[in-house]
Structures are given as structure tokens and as C-alpha cells.
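What follows draws every value from the coordinates through simple rules; no lab data is involved. Since the structure is predicted, the reported quantities are computational estimates derived from the model, not experimental observations. Here Cβ is always computed from backbone atoms with ideal geometry, including for glycine, and neighbour counts include all displayed protein chains.
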Amino acid sequence: MQIPLVLFSLSIATVFGSMLPGSPLGQTALLLGLVSASAAFLLLVLAALKPEAPRRRGHVVIDGSNVMHWRDNKPDLDSVKQVVGALQREGLTPVVWFDANAGYLTKGQYLGPKPLARHIGVPERAIFVAPKGTPADPLILNSAKTLRARVVTNDKFRDWSGEFPFLSDSGFLIPGRFVENSVRLRLL
């Protein structure tokens, strides 16, 4: 939408500039300005009428303990924060699960849902921490099943394929990575 607007503005300026008394611009500039203004106006109208791409709706479950290692393979809550932001921009509502040791790995102490939520920038109700000694994987997969959501992770959950046959569904797992501090997700 910006390019047609710039073209339209320049074309109108050319038209008015060629109409000023003593202007070095001649009739040719006036004609070209009118033609290009008309074409730019048509592009503006078409851009305004073009329907917006449909936004995704619903929940997505994030394997926070996996995602926090995506950047340089070092545990970092900012990686999770960036993934949450990318998903929210797509119109999705993230739910984040962490292993019990996530706080120790990132901040040297246990972190529950409240401090994790504050750091990531989501409501506390969107953060879950697996109890100590309990793997987060089945909790993540049960949450996804209940919410009818996909899972953002690079984990394949191979140990859980018998219990969760939907793991083999195309597009259920959303892999991602960081490229030059920018998150890339394969949302399909």
C-alpha cells in the first residue's frame, strides 16, 4: 500500500508542477503525471479492496524447555518470549510448558508460572511448569490434545508416539529456529 501511495503523491506533484506558470516541465510531463497518477490511484483502490489474509485462530502449545535452547543451544527465556510474540502476531494464543528445572537453567533458581509469565510477557494462566520429577512431554501432548492445538518444538516426542498417535499427523509439530536473532517457524 505504501508504494502506490508514494507513486500517487509523486505523480500529483508532477501534474501540479507542470501547471505552474514558468515551469520547466512541459505538456509531456503533465500527460505522464496524469497517466501515472491514474495508474497509482487504481493500485491504491485495488490494495484497499484486497481482502486481508485470514489470521490463524486458536491455541498453540509451546515446549518452553525445548524452545529456550533454540538460540546458540543455551537456555534463554528471551527465545521463548520471541516465539510467543511471533505466534501472537499470527493471531494464535500460546500456552507454554516448562520442565521443573527451567528456572535453574536460566536463572539459577526454581521459577514457577508467575515469574516465568512476567519474564515472557504473558498472563500467568498461560504458563505451566511440570512437577519436579515429572517429564513435561506427556503434559505438553495432553494439553495439545485437550486444546486441539499444535505444538511448537524441535522435539519429535518419539518415546510418546504409542500413547499419542496424533504425533504423526502432518503439521502437528511446528519446528523452528533462530536466524540472526529472528525466529523462524514452519507454521504451514
Please go through the residue pairs K74/K107; K114/K156; K74/K145; K81/K107 and name each one whose alpha carbons sit more than 22 Å apart in this structure.
-> K114/K156; K74/K145
Whole-Hz Karplus couplings 3J(HN,Hα) for region 174-188, θ = phi - 60° and coefficients 6.51, -1.76, 1.60, Gly and Pro as x, run 10, x, x, 6, 10, 10, 6, 6, 10, 7, 10, 10, 9, 7, 6
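Provide the convex hull volume over Cα atoms per residue for region 2-49, in Å³.
It is 49 Å³ per residue.
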Can you put I12, I140, I174 in order, fewest other beta carbons within 10 Å first?
-> I12, I174, I140
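So how do F16, F166 line up by other beta-carbon neighbours within 10 Å, fewest first? Present the calculation step by step, with values, prior to reporting the outcome.
Details: F16 13, F166 10.
Ranking F16, F166 by Cβ neighbours within 10 Å, fewest first, gives F166, F16.
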Low-density loop positions, GluC sites (Glu not before Pro), region 93-188 - DSSP coil, at most 10 other Cβ in 10 Å = E180
Checked the chain against the a/c 1.5 cut and the a/b vs b/c comparison, axes a ≥ b ≥ c from its Cα gyration tensor; verdict prolate
Least to most buried among T146, T93 (fewest other Cβ within 10 Å first) = T146, T93
Would you mind telling me the antiparallel percentage of the DSSP bridges in region 59-185, rounded to 5?
-> 25
Report the relative contact order of the chain, percent, no decimals, based on alpha-carbon pairs under 8 angstrom and at least 6 residues apart.
-> 18
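Mind checking which helices in the chain clear 30 Å along their axis (Cα) and have mean Kyte-Doolittle hydropathy of -1.0 or more, DSSP H runs only?
Numbers: long enough: 27-49 (33 Å, 2.17).
Helices meeting the span and hydropathy rule in the chain are 27-49.
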